[in-house]
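First the structure, in the form of structure tokens, and then the observations on it.
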Amino acid sequence: MDKSKHIVVVGGGFAGLYAARGLRRAPVRVTIVDRRNHHLFQPLLYQVATAALNPADIAAPIRAVFRHQRNADVVLAEVKRVDVARRAVVLDDGELSYDFLVLATGATHTYFGHDEWAARAPGLKSIEDALEIRRRVLYAFEAADREADDARRRAWLTFVVVGAGPTGVELAGALAEIARHALARDFRHIDPRTARVILVEGVDRVLPPFPADLSAKARAQLERLGVEIRVGARVTQIEEDGVVLGDERIAARTVIWAAGVAASPLGQSLAVPLDRAGRVIVGPCLAIPGHDEVIWVVTWRARSSNAFWAEVPRRSCIATKGCLRRSAALPQWPTFGAYTFPAFSPGCSGSRFTFSF
Ligand SMILES: Cc1cc2nc3c(=O)[nH]c(=O)nc-3n(C[C@H](O)[C@H](O)[C@H](O)COP(=O)(O)OP(=O)(O)OC[C@H]3O[C@@H](n4cnc5c(N)ncnc54)[C@H](O)[C@@H]3O)c2cc1C
């Protein structure tokens, strides 16, 4: 293999991080590009949003992760687009050429055409989002404590979470817990335990992608925590002081959006076919048809709440061993132990993250 081959990995999330780690013994140069200087453990964002954890507990500097990987360099920059013809990623302040490119830029929120709702109902994808939600939640209790008018106080003490996927379920549960337990005795003029946490879901059950029995268990647990669940209900309007669900209006000062994700916009710059959700269509080895040796688009997917697995290229491969073993990953985070990296997509070879040249 040619040592001078340059592999650019865009994105230092789970997918990009493990792709780059997987190349640690390969005789190539690896550059990890991310617009943030930290890798983020997204599954625990809701704990930051509800003041149970601090940002530093779930973020690790990407440079520190790759401190001992001699063939890896880290660049803090936003990738604006990919110039496929010239094999270059265009940054906000320059460009990087590549021989092989791994795009692992994750997903973003979507408000289903209602971008104006973003300011009223923040989503949860970044540390900044989590801190903003934390600020709003804690402020709502403070404002309620000082509010003399009953109806307005009720609105401050009503929290609506839109979307009952894993993020919405976790958030609603955590909000109910802080209202019922963490804050229960801290106020003189309100009883935080009377706060309403309403979880709204458009389809007929919580955790729609999960098996029905798990949905039912999650629902029962949420109800035990005091969360009100509205399934089969679609949000039609989000206002400064309330949410409209069809004919019903709920007065609520805090609304959190956990209802939809969209593909990374970077996919659009590839000028390749996208599906209806804007996702890049890849072959079985995650390469883009027509650019087999050049571009891979990877993401991590959740199969169950505690299992990640990577889909990796399947062709005859020059492998770097063991890259997805848990021990190779940020062992200083105890919570990481709950996540397993068991198998890869069917047909991919063994427990190896592989690159073919
Ligand atoms: C609140 C929450 C809870 C979750 N809980 C679970 C769970 O319990 N179990 C589970 O399996 N999954 C869970 N997930 C999903 C899981 O976190 C994601 O599937 C996973 O993080 C996706 O990893 P990724 O590497 O594909 O993308 P990301 O982790 O999103 O990483 C993408 C990276 O690319 C960078 N980037 C993006 N665009 C650019 C650009 N143009 N230029 C430079 N850099 C760029 C970003 O800064 C980011 O670092 C949860 C997600 C959230 C938000």
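Go through region 92-116 and give me each residue that's among the aliphatic types (A, V, I, L, M) and outside any strand (DSSP E or B). Give the steps one after another, and end with the answer.
Initial filter on region 92-116 (among the aliphatic types (A, V, I, L, M)): 96, 101-104, 107.
Residue satisfying the conditions is A104 alone.
Please determine whether any residue of region 38-53 is of a type in the set (V, I, T) and under 30 Å from A179 (Cβ atoms). Yes. Restricted to strands (runs of 3 or more DSSP E) entirely inside region 144-262, those with at least 2 residues that are within 24 Å of the chain's Cα centre (by Cα) are 158-162, 196-201, 227-231, 235-239, 254-257. Residues of region 234-261 that are over 26 Å from A143 (Cβ atoms) and either touching a residue at least 12 places away in the same chain (Cβ under 8 Å) or assigned by TED's automatic domain parsing to the domain that holds V297 (or both): R234, G246, G260, V261. Residues in region 197-241 that are of a type outside the set (A, V, I, L, M, F, W, C), closer than 20 Å to T158 by Cα and crowded, with 19+ Cβ neighbours inside 10 Å: E201, R219. Mind checking whether some residue in region 200-222 is small (G, A, S) and within 16 Å of the ligand (Cβ to nearest atom)? Yes, some residue in region 200-222 is small (G, A, S) and within 16 Å of the ligand (Cβ to nearest atom).
Out of everything in region 262-298 that is within 16 Å of the ligand (Cβ to nearest atom), touching a residue at least 24 places away in the same chain (Cβ under 8 Å) and in contact with a helix residue (DSSP H, G or I) (Cβ under 9 Å, 6 or more places away or on another chain), what residue ends up being nearest to V169 (Cα to Cα)? Result: V298. Among the residues of region 37-49, those identified as modelled with pLDDT of 95 or more and either over 29 Å from A172 (Cα atoms) or open to solvent by 10 Å² or more (accessible area, probe 1.4 Å) (or both) are N37, H38, L40. Total residues in region 67-91 satisfying the condition of being in a loop (DSSP other than H, G, I, E, B) and either of a type outside the set (A, V, I, L, M) or touching a residue at least 24 places away in the same chain (Cβ under 8 Å) (or both): the figure is 10.
All of (1) open to solvent by less than 30 Å² (accessible area, probe 1.4 Å); (2) more than 9 Å from the ligand (Cβ to nearest atom) hold for R87 with one exception: (1).
Filtering A52, A64, A119 for residues that are more than 11 Å from the ligand (Cβ to nearest atom), in a helix (DSSP H, G or I) and surrounded by fewer than 17 Cβ atoms within 10 Å (Cβ to Cβ) leaves a single hit, A64.
I need the full set of residues from region 21-49 which are among the aromatic types (F, W, Y) and not in a loop (DSSP other than H, G, I, E, B), in order please. Working first, answer last.
Here is the first cut: in region 21-49, the residues among the aromatic types (F, W, Y) are 41, 46.
Within region 21-49, Y46 is the sole residue that qualifies.
Just one of V102, V89, V75 is farther than 16 Å from S126 by Cα and modelled with pLDDT under 95; which is it? Spell out how you get there, then give the answer.
Details: V89 fails: modelled with pLDDT under 95; V75 fails: modelled with pLDDT under 95.
So the residue among V102, V89, V75 that is farther than 16 Å from S126 by Cα and modelled with pLDDT under 95 is V102.
With respect to (1) open to solvent by less than 10 Å² (accessible area, probe 1.4 Å); (2) more than 9 Å from the ligand (Cβ to nearest atom); (3) in contact with a Gly (Cβ under 9 Å, 6 or more places away or on another chain), the lone exception for L157 is condition (3).
The values are calculated or read from the model by the stated rules, or taken from the named source; none is laboratory data. Please read all numbers here as calculations on a predicted model, not as lab measurements. Every residue, glycine as well, gets a Cβ built from its backbone with ideal geometry; the counts of neighbours run over all protein chains shown. Please note that ligands, DNA and RNA were not included when accessible areas were found on the heavy atoms of the full protein model with its side chains. Shrake-Rupley method; radii C 1.70, N 1.55, O 1.52, S 1.80 Å.
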